[in-house]
Each structure stands twice: as structure tokens, then as C-alpha cells.
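Written out below as C-alpha cells is the structure these notes cover.
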Amino acid sequence: MASAGSASACVDFRSTLTGTPWGEEFMRQYAAALDSVKVEVQEVGASRTRSGSVDALCVSYYRSPEFRNLKASTQKKRRNIIEGCEALPQPR
């Protein structure tokens with residue numbers, strides 16, 4: 001099962017910004033530095049999750065605001081129930 005909301009990114013860059021922090025020139029340089037960085041984000045398990053599958057439905061629920069706004073203990077209980085159902089034999 002893919003871990004919901006998990007993503008990995010690796011960014012390594014350095015840039016020297018001049019001017020007063022939050023000033024117009026500083027912010028222009030900051031924006032340019034951010035624009036120059038290309039970040040490749042890979043969703044963990046994305047290649048193993050088929051679109052339209054029960055697994056994809058579960059991942060979608062785990063990423064939803066409804067799930068994320070639950071207490072951690074409630075999230076854990078629901079995840080255990082859902083993942084228990086996924087372990088059942090699936091019709092082919």
C-alpha cells in the first residue's frame with residue numbers, strides 16, 4: 001500500500017541574496033533563486049498504485065482533508081481497519 005501524502009524531494013543549491021530582507025530587491029532575488037530550482041517530487045509507491053483500484057481509493061482517502069483533520073489515534077484506527085480489509089482475498 002502506498003503511503004499517503006509521502007513524497008521525497010532532494011534539493012541542493014546555494015544562492016547569496018543581497019539587500020534588506022523582505023525588501024523589493026531581496027524578494028526579487030529570492031523569487032529568481034526559487035524559480036531556478038527544479039524540484040522533482042516522487043510520490044512514494046505511485047508506480048505500484050493502479051488508477052481506479054481499491055488501493056488508489058485508499059490513498060485518495062488518506063490524502064483527503066477529512067482524514068488528515070482526524071486525531072492521530074483515529075487515523076491509526078481507521079488505517080488499521082482499511083488495511084485489514086485490503087488483506088482479504090480480492091475477486092479477479
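Quick one: in segment 44-73, of everything that is of a type in the set (A, V, I, L, M) and assigned to a helix (DSSP H, G or I), which residue is surrounded by the most Cβ atoms within 10 Å (Cβ to Cβ)? Spell out how you get there, then give the answer.
First, the residues of segment 44-73 that are of a type in the set (A, V, I, L, M): 44, 46, 54, 56-57, 59, 70, 72.
Okay, now just the ones that are also assigned to a helix (DSSP H, G or I), so 46, 54, 56-57, 59, 72.
Numbers: ALA46: 12, VAL54: 13, ALA56: 14, LEU57: 12, VAL59: 21, ALA72: 7.
Looking at residues that are of a type in the set (A, V, I, L, M) and assigned to a helix (DSSP H, G or I), I get VAL59.
Can you tell me which residue in segment 24-58 is nearest to the chain's Cα centre (by Cα), limited to those that are acidic (Asp, Glu) and at pLDDT below 70? I'd like the intermediate steps shown before the answer.
Within segment 24-58, the subset acidic (Asp, Glu) is 24-25, 35, 40, 43, 55.
Among the residues that remain, those that are also at pLDDT below 70 are: 40, 43.
Values: GLU40: 12, GLU43: 6 Å.
Selected residue: GLU43.
The values are calculated or read from the model by the stated rules, or taken from the named source; none is laboratory data. Model, not experiment: these values are computed from the prediction. So basically every Cβ, Gly included, is an ideal-geometry build from the backbone, and we count neighbours across all protein chains shown.
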